[in-house]
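The values are calculated or read from the model by the stated rules, or taken from the named source; none is laboratory data. This structure is a prediction, so every number in the text was calculated from the model and none was measured. So basically every Cβ, Gly included, is an ideal-geometry build from the backbone, and we count neighbours across all protein chains shown. The protein model used for the area step is the full one, side chains on, heavy atoms only, and it has no ligands, DNA or RNA in it. Shrake-Rupley method; radii C 1.70, N 1.55, O 1.52, S 1.80 Å.
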Amino acid sequence: MIEFQSVSKQYSSDAYALRDVTLNIDKGELVYLAGPSGAGKSTLMKMIAAVERPSSGKLLVNGQDLGRIRKAGIPFLRRNLGLIFQHQRLLNDRSILANVMLPLLVTGAPRGQAEQRARAALDKVGLEDRAKAMPLELSGGEQQRVAVARAIVNRPQIILADEPTANLDRVAADKVLDALRAFNAVGVTCVISTHDEEVLDRGARVIRLEQGALVGGEA
Ligand SMILES: Nc1ncnc2c1ncn2[C@@H]1O[C@H](COP(=O)(O)OP(=O)(O)O)[C@@H](O)[C@H]1O
Ligand SMILES: [Mg+2]
């Protein structure tokens, strides 16, 4: 479903953010992307979402070559992606229900249907009873779970979560990860990055990056 073939990324000519990365992620997998700050985790995620393009090598998502994708094709690609990115905040002047409805309304869903689906998404992350609350009335962990609900409300095939547990305590982090695991359990492919080794599930597949390169024999 996601295939990196010798992908490198250079933001400037003298430094590699990713170097010769080759890996496959299959449909329905849950994969952790681990590595210290600056290792290239966000860059790798941004390439899957076509926010950044490979400098060399080939990247296929759902069979589509993202090095060659036209601008007009990017919205169609993103419709299959649920993105939980670090600097993508909730809108603080709208209720959490309104925040989760937004991705549906922008793709033209009728209000009633959007509200029903947004409430169902909030229910899945354990926040249906807070639907009318404003984001800043929630804890950091609850806000992250709203971000998860917003990411999955369009029923994407792939969830990309870039450090979704950053700045959360263990209990709150586990709740966010439980929500992501629940979506994986019903078949959604999940890629979750972290610089915190403690969040990694035992037995889970872990892709490790250091200075832009895969380490530990992942392929
Ligand atoms: N937009 C950018 N322009 C220039 N350099 C960047 C940009 N984004 C990331 N980098 C550099 O690429 C490397 C990898 O960064 P990043 O993918 O953000 O790592 P991580 O998410 O693992 O912390 C770092 O050296 C970073 O400074
Ligand atoms: Mg990052």
In Å², rounded to a whole number, the accessible area per residue of region 74-219 with probe 1.4 Å is 50 Å²
Kindly state, to the nearest 0.05, the FRET efficiency for ALA72 paired with MET1, given R0 = 30 Å and r defined as their beta-carbon distance.
0.85
According to the square roots a ≥ b ≥ c of the eigenvalues of the Cα gyration tensor, what is the shape class of region 91-155, taking rounded for a/c under 1.5, prolate for a/b larger than b/c otherwise, and oblate for the remainder?
prolate
Run the quick spin-label model on ASN167 and TYR11: label points 7 Å from Cα toward the beta carbon, then report their separation in nm to one decimal.
1.9 nm
Qualifying trypsin sites (Lys or Arg not before Pro) in region 105-183, DSSP loop, other Cβ atoms within 10 Å at most 13
LYS132
Taking r as the C-beta separation of GLU137 and ARG111 and R0 as 30 Å, the FRET efficiency to the nearest 0.05 is 0.80
How far, in nm, would the chain grow between ASP65 and GLN157 when pulled straight, counting 0.36 nm per residue and subtracting the alpha carbon separation?
31.4 nm
I want to make sure I understand the PRE zone here: with the label point 7 angstrom from the Cα of ASP26 toward its beta carbon, which residues in region 179-205 have backbone N atoms less than 20 Å away?
181-192, 201-205
What percentages, rounded to whole numbers, describe P(r) for the chain computed over all alpha carbon pairs with 5 Å bin width beginning at zero?
1, 7, 15, 19, 20, 16, 12, 7, 3, 1, 0
Computed label-point distance, nm, for sites ASP196 and LYS58 using a 7 Å Cα→Cβ extension:
3.9 nm
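Once you have a ≥ b ≥ c as the square roots of the Cα gyration tensor eigenvalues for region 40-145, tell me rounded if a/c is under 1.5, and otherwise prolate or oblate according to whether a/b is larger than b/c.
Because a/c hits 1.5 or more and a/b exceeds b/c, region 40-145 counts as prolate.
Over 22 Å between Cα atoms, which of LYS46/LYS132; LYS9/LYS46; LYS124/LYS175; LYS9/LYS175; LYS9/LYS71 qualify?
Working: LYS46/LYS132 32 Å; LYS9/LYS46 11 Å; LYS124/LYS175 11 Å; LYS9/LYS175 33 Å; LYS9/LYS71 19 Å.
Table pairs above 22 Å Cα-Cα are LYS46/LYS132; LYS9/LYS175.
Which of rounded, prolate, oblate describes region 72-122, given a ≥ b ≥ c as roots of the alpha-carbon gyration tensor eigenvalues and a/c under 1.5 marking rounded, otherwise prolate only if a/b is larger than b/c?
Details: a/c = 1.99, a/b = 1.20, b/c = 1.66.
It is oblate, given that a/c is not under 1.5 and a/b is not larger than b/c.
Using DSSP to define loop residues, name the trypsin sites (Lys or Arg not before Pro) in region 15-84 whose beta-carbon has at most 11 other beta-carbon atoms within 10 Å.
Values: sites: ARG19, LYS27, LYS41, LYS46, LYS58, ARG68, ARG70, LYS71, ARG78, ARG79; in loops: LYS27, ARG68, ARG70.
The qualifying sites are ARG68, ARG70.
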